[in-house]
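Novice: Below you'll find the structure I mean.
The values are calculated or read from the model by the stated rules, or taken from the named source; none is laboratory data. Being a predicted model, the structure only gives us computed values, none of them experimental. For neighbour counting, all protein chains shown are included, and Cβ atoms are generated from backbone atoms with ideal geometry for every residue, glycine included. Just so you know, the surface numbers come from the protein's heavy atoms only, side chains and all, with ligands and any DNA or RNA stripped out. Shrake-Rupley method; radii C 1.70, N 1.55, O 1.52, S 1.80 Å.
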Amino acid sequence: MAFQRQILKNALREANSKAFNGRYRFSSSVHSASSATAAADLKPLLPPFDYEPKPYNGPLTDEIFQKRKKFLGPSLFHYYQKPLNIVEGKMQYLFDENGRRYLDAFAGIVTVSCGHCHPDVLAAVNEQNKLLQHATTIYLHHAIADFAEALAAKMPGNLKVVYFVNSGTEANELAMLMARLYSGNLGMIALRNAYHGGSSNTIGLTALNTWKYPIPQGEIHHVVNPDPYRGVFGSDATSYVKDVQDHIDYGTSGRVAGFIAETIQGVGGAVELAPGYLKHVYDIVRKAGGVCIADEVQTGFGRTGSHYWGFETQGVIPDIVTMAKGIGNGLPLGAVVTTPEIASTMAQKIQFNTFGGNPVCSAGGLAVLRVIDKERRQAHCADVGSHLLKRLRSLQEKYEIIGDVRGRGLMVGVELVTDRKDKTPAKTETAVLFEKLRELGVLVGKGGLHGNVFRIKPPMCFTKDDADFLVDALDYAMSKL
């Protein structure tokens, strides 16, 4: 046993050295009955990655954390009992102040699409930075026009007019304004468990109490969420659709401004809407004079694998589409795309955004679209996502704590429960596993009202080896509960 222990010790030391970045497995040459036990206790290691982080000489965790607490708002939260000081990123990996590598399975909250510091995006941004950083749309510049043209080419139907903003919250604010102006109505319908932003208006659209301040939300109503796992009607879209019709019949004048939904709810825990739901709801809303808004802030740009846009999974074409996050690979960039008819209502006044579509962000955004196409990231998400989901569902058979595995492509949720019958959220266990995954080198997100859903939404360059490592790490962590 002493021999096996020494091998194990050496393997772990080698894996943590800068000279070795591979997943370490026990060799079959260690042929002892007791080696099986030792192998079972061996922590999974990151896949190989040919990159050396730059030496970091900046402020360390404790100093930064103290400054943050002193000078930044107290509403900010951080992950992990001991916050991570992330100082560098490369593709699907992040590095802390000590040079330790982590698998980023949350992509800066579903924002890094192409990969951290993707060379093509960096080159486009750097070149534009050298020429002109800012001018606004009071002057002409090719970058915003080129980007708008490329983005409009990705849209179905008559969705051809683009407005650039700086975030998903801004995009949803503008979409709601458009809906009200075009329809002549005020009432907006959103889903329970939705997240559409944190401004004073979009807080109204959001339907998770952890994100809502006690202020008037103004003519916004939330219908029953068509959640196949926790919803009162399971996967029966027809019953959820009837709730929308009932709301319009009994809770409004019969006329509404619009309906907004994510196809797969992000903050709400990767909840994919019941199949066929949007098609029927869109018909109902349009008959009531409203417009239909698809929030693609998290699901857009091929992340779902099966389609470029999340709404396409439901077989619909919205009247307005909002997007952000992955559109800029980390740049502060968002957009609203709509029809010429709806856009014309905005011309009655001046609609202006100082930073929206500035030359640097537009150059970066166009580079993102080109990278996604060139590297076939949508097909990659479908392939790797299928592999990831298959492995996670196998893990679900092994551990009762996994109540549900859901999602598409690289937008995946793993919901943890203390019992599968009552679906009681496993809040404590989720927190323990969350910390354990970080210790193992995996950074995931958390979601759902009770924070009991692991959100696995990595950069779209995430590989099958990364998926295997993530599932192996989760397996290892759960085996220690």
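Novice: Heavy atoms only, probe 1.4 Å: what % of the accessible area of the chain goes to carbon and sulfur, would you let me know? Please report the intermediate quantities before stating the final value.
Specialist: Working: 11750 of 21530 Å².
Looking at the chain in its full context, I get 55 percent from C and S.
Novice: Can you give the relative contact order of the stretch 119-375 as a percent, counting alpha carbon pairs under 8 Å and 6+ residues apart?
Specialist: Working: 514 pairs, mean separation 75.6, N = 257.
This gives 29 percent for the stretch 119-375.
Novice: Oh, and also: What number comes out for accessible area per residue over the stretch 119-375 if the probe is 1.4 Å? Units Å², please. Intermediate results must be reported in sequence, preceding the final value.
Specialist: Details: 10370 Å² over 257 residues.
Accessible area per residue, the stretch 119-375: 40 Å².
Novice: Quote the Stokes-Einstein diffusion coefficient, in whole µm² s⁻¹, for the stretch 119-375, based on the Kirkwood radius over alpha carbon pairs, a temperature of 4 °C and a viscosity of 1.567 mPa s. Please report the intermediate quantities before stating the final value.
Specialist: Details: Rh = 18.6 Å.
This corresponds to a translational diffusion coefficient of 70 µm²/s.
Novice: Can you give me the Kirkwood hydrodynamic radius for the chain, using every pair of distinct Cα atoms, in Å to one decimal?
Specialist: 23.8 Å
Novice: A further question on this structure: Below 8 Å, C-alpha to C-alpha, sequence gap of six or more: please give me the relative contact order for the chain in percent.
Specialist: Values: 945 pairs, mean separation 95.1, N = 481.
Contact order relative to length: 20 percent.
Novice: Roughly how many nanometres apart are two label points built 7 Å out from the Cα toward the Cβ at Asn353 and Thr210?
Specialist: Each label point is offset 7 Å from its Cα along the Cβ direction, giving 2.7 nm.
Novice: Along the three principal axes, how long is the stretch 119-186 when you take its alpha carbons, biggest first, rounded to the nearest angstrom?
Specialist: Sorted from largest, the Cα extents of the stretch 119-186 read 46, 25, 23 Å.
Novice: If you don't mind, another one. With n ≥ 4 as the cut-off for DSSP H runs, can you work out [θ] at 222 nm for the chain, using -39500 (n - 2.57) per run divided by the number of residues, rounded to the nearest 500? Kindly include the intermediate steps, with their values, before the conclusion.
Specialist: Details: 15 runs with 179 residues, N = 481.
Calculated from helices alone, the mean residue ellipticity at 222 nm is -11500 deg cm²/dmol.
Novice: Mind checking which aspartates and glutamates have their Cα closer than 17 Å to the Cα of Lys242? Skip sequence neighbours fewer than 8 apart in that chain.
Specialist: Asp227, Asp283
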